[in-house]
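S.K.: Below: one structure in structure tokens.
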Amino acid sequence: GGQLFNIGKSKAKLFDEKTDVKTSFKDVAGLEGAKEEVQEIVDFLKQPEKYTSLGGKIPKGALLVGPPGTGKTLLAKAVAGEAKVPFFSLSGSDFVEMFVGVGASRVRDLFKQAKDKSPAIIFIDEIDAIGRARGKNNFSGSNDERENTLNQLLTEMDGFGTNTNVIVLAATNRADVLDKALMRAGRFDRQIYVDLPDVRERKEIFEVHLRPIKKDDDLDTDFLSKQTPGFSGADIANVCNEAALIAARNGKKSVGKQDFLDAVDRIVGGLEKKNKIMTMDEKRAIAFHEAGHATVSWMLEHAAPLVKVTIVPRGQSLGAAWYLPEERLIIHPEQMLDEMCAALGGRAAEKVIFNRISTGALSDLEKVTKQARAMVTIYGLNEKIGNLTYYDSSGQSEYNFSKPYSEKTAELIDKEISALIEGQYQRAVKLLEENKDKLTELANVLLEKEVIFKDNLQKIFGDRPFEKPEEAPR
Ligand code: ADP
């Protein structure tokens, strides 16, 4: 009878425990930055005394953030393998639809086991299933059980002493939905990004997964990596496996190029169904859009210097350009205008090259509109409105209920905001028209490499004339 009551303690897999993990960093291709960051955790686990003897605190947890199949689980296992410590893992999704009290008791057992065997790694996959912000997304009825589980997890981590020597790694694709309490100091206070691989990283992943495969001697991994934009590490592992099966089915002695191409087609089919693959046209549009941002910001004195541009899809956004955030206490209108112009550079490039714009500029437009509105209504930077602000720092004014200005002023504000934005858009268009060949060259490099850095821009544009020495790339 008592089955129902035993679930929390039943022998049915509470979690996985592996005491002899063979995975090492050699099995993880690409992910250089992430590997560097977790190296420190490996060192901690190997020689905790070295750190604690000086009074330092060992980190308790880190969050691995990135799309599915990019190697988060693999990396966590490699940490355990490198440090030669046991690896305890469970998945957040196992907690969904669980009986009352089971989730919390599972977490308690998990931590107890790990502490008994410390030093150890605990890995929680899909932590968002238990770690969603409390009070949100409660549509599916009561989430008490999930909350109990989350609370137990936080309690366990808070209870770590200086010599607990258990480090908790958790993986998620959605760091944005997580409860902020998880990210507090002493919990998952580090985030390590694990992105989809670019073309060079895909080549390395192919090389890892080709190791056990009998393949033709002339198999070209450069070629294969170029055929697989948007593929994750898991997709590439699938391609290699599928290619071997296809070759075997055809009675071949080794796996050749055509087998791989057939396997790629098969995987692409699956990804297309999930809407995960971009067409060549889309890729070109995104390359020009991102190259537009990069070109404009390169040419404007006050736009933030660029660090990296990529067209590898990343989370919700397609391409992305990263800029060094400048720490500034006071911002001048010239800077705000240059930044707006750079943000509009994406759409402007679409206009200049294709004479056609797309929905791909939504987040740029959002940013620019906020900026323009702030200039006019908050910072007193618009001549026609003058040196006044409609901002109230107390947050308690009647402004919340009615506009602090007349209808006439409201119209003027709207007009000034759109004039500001239109002006910067035209400025971006003009800049890009004058530099159309450089824009095109940049977009082509981006199409080929998928990710580019400052030196690529320097090659095309020459030295940035306004560079200050302290703005060297990271
Ligand atoms: P995630 O946890 O991010 O969803 P996994 O770590 O489970 O992804 O990856 C699934 C499989 O895909 C791995 O076991 C491995 O075979 C392959 N893989 C993913 N990323 C990589 C990588 N960077 N290098 C080598 N193999 C990878």
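The values are calculated or read from the model by the stated rules, or taken from the named source; none is laboratory data. Computed from a predicted structure; not experimentally measured. Heads up, the Cβs are rebuilt from the backbone with ideal geometry, glycines too, and the neighbour counts pull from every protein chain shown.
S.K.: Search segment 67-90 for residues being under 20 Å from the mean Cα position of the chain (by Cα) and over 15 Å from A29 (Cα atoms), and hand back the single one that is nearest to the ligand (Cβ to nearest atom).
M.R.: Within segment 67-90, the match that is nearest to the ligand (Cβ to nearest atom) is P68.
S.K.: If T295 satisfies every condition in (1) farther than 30 Å from A428 by Cβ; (2) assigned to a helix (DSSP H, G or I) but one, which is the exception?
M.R.: (1)
S.K.: What is the residue count in segment 358-369 for residues that are closer than 16 Å to D338 by Cβ and out of contact with any Leu (no Cβ under 8 Å at 6 or more places or on another chain)?
M.R.: Total satisfying the criteria: 1.
S.K.: Which one is nearest to the chain's Cα centre (by Cα) among residues in segment 18-28 that are among the hydrophobic types (A, V, I, L, M, F, W, C) and within 12 Å of the ligand (Cβ to nearest atom)?
M.R.: V28
S.K.: Moving to a separate point now. For segment 335-359: of the residues being polar (S, T, N, Q) and either under 12 Å from Q424 (Cα atoms) or in a helix (DSSP H, G or I) (or both), which is modelled with the lowest pLDDT?
M.R.: If we take residues in segment 335-359 being polar (S, T, N, Q) and either under 12 Å from Q424 (Cα atoms) or in a helix (DSSP H, G or I) (or both), then T359 is modelled with the lowest pLDDT.
Every residue, every condition in (1) within 18 Å of E201 (Cβ to Cβ); (2) buried (at least 21 other Cβ atoms within 10 Å of the Cβ); (3) hydrophobic (A, V, I, L, M, F, W, C), yes or no:
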residue	(1), (2), (3)
D27	yes, no, no
T52	no, no, no
I58	no, no, yes
G66	yes, yes, no
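S.K.: Restricting attention to segment 51-64, and to residues there that are more than 10 Å from the ligand (Cβ to nearest atom) and among the hydrophobic types (A, V, I, L, M, F, W, C), which single residue is nearest to A171 (Cα to Cα)? Reasoning before the result, please.
M.R.: If we filter segment 51-64 for residues that are more than 10 Å from the ligand (Cβ to nearest atom), which is where we start, we get 51-63.
Okay, now just the ones that are also among the hydrophobic types (A, V, I, L, M, F, W, C), so 54, 58, 62-63.
On the way: L54: 30, I58: 20, A62: 9, L63: 6 Å.
The selected residue is L63.
S.K.: Are there any pairs with C-beta distances below 8 angstrom linking a residue in segment 62-85 that is on the phi > 0 side of the Ramachandran plot and touching a residue at least 24 places away in the same chain (Cβ under 8 Å) to a residue that is assigned to a helix (DSSP H, G or I) and more than 7 Å from the ligand (Cβ to nearest atom), with the two at least 6 apart or on different chains, and if so which?
M.R.: The qualifying pairs are G69/D235; K84/K46.
S.K.: Taking K415 as meeting all but one of (1) within 24 Å of the chain's Cα centre (by Cα); (2) modelled with pLDDT of 90 or more, write down the number of the exception.
M.R.: Among (1) within 24 Å of the chain's Cα centre (by Cα); (2) modelled with pLDDT of 90 or more, K415 violates only (1).
S.K.: Could I ask something else about it? Name the single residue that is modelled with the lowest pLDDT among those in segment 8-25 being surrounded by 16 or more Cβ atoms within 10 Å (Cβ to Cβ) and hydrophobic (A, V, I, L, M, F, W, C).
M.R.: L14
S.K.: Keeping to segment 300-333, report how many residues are of a type in the set (V, I, T) and either surrounded by 18 or more Cβ atoms within 10 Å (Cβ to Cβ) or at pLDDT below 65 (or both).
M.R.: The qualifying residues number 4.
S.K.: So, one more: When the residues of segment 29-50 are narrowed to those that are more than 16 Å from the ligand (Cβ to nearest atom) and among the hydrophobic types (A, V, I, L, M, F, W, C), which ends up surrounded by the fewest Cβ atoms within 10 Å (Cβ to Cβ)? Outline the logic, then answer.
M.R.: From segment 29-50, those more than 16 Å from the ligand (Cβ to nearest atom) are 40-50; that's our starting set.
If we keep only those that are among the hydrophobic types (A, V, I, L, M, F, W, C) too, we end up with 41-42, 44-45.
Details: I41: 23, V42: 21, F44: 19, L45: 22.
Step by step, filter segment 29-50, then rank; the result is F44.
S.K.: Please verify whether segment 249-260 includes one or more residues that are among the hydrophobic types (A, V, I, L, M, F, W, C), modelled with pLDDT of 90 or more and more than 23 Å from the chain's Cα centre (by Cα).
M.R.: Scanning segment 249-260 turns up at least one residue that is among the hydrophobic types (A, V, I, L, M, F, W, C), modelled with pLDDT of 90 or more and more than 23 Å from the chain's Cα centre (by Cα).
S.K.: A further question on this structure: Pick from G270, G230, G256: which is closer than 26 Å to L31 by Cβ and either touching a residue at least 24 places away in the same chain (Cβ under 8 Å) or of a type in the set (F, W, Y) (or both)?
M.R.: On the way: G270 fails: either touching a residue at least 24 places away in the same chain (Cβ under 8 Å) or of a type in the set (F, W, Y) (or both); G256 fails: closer than 26 Å to L31 by Cβ.
Unique residue meeting the criteria: G230.
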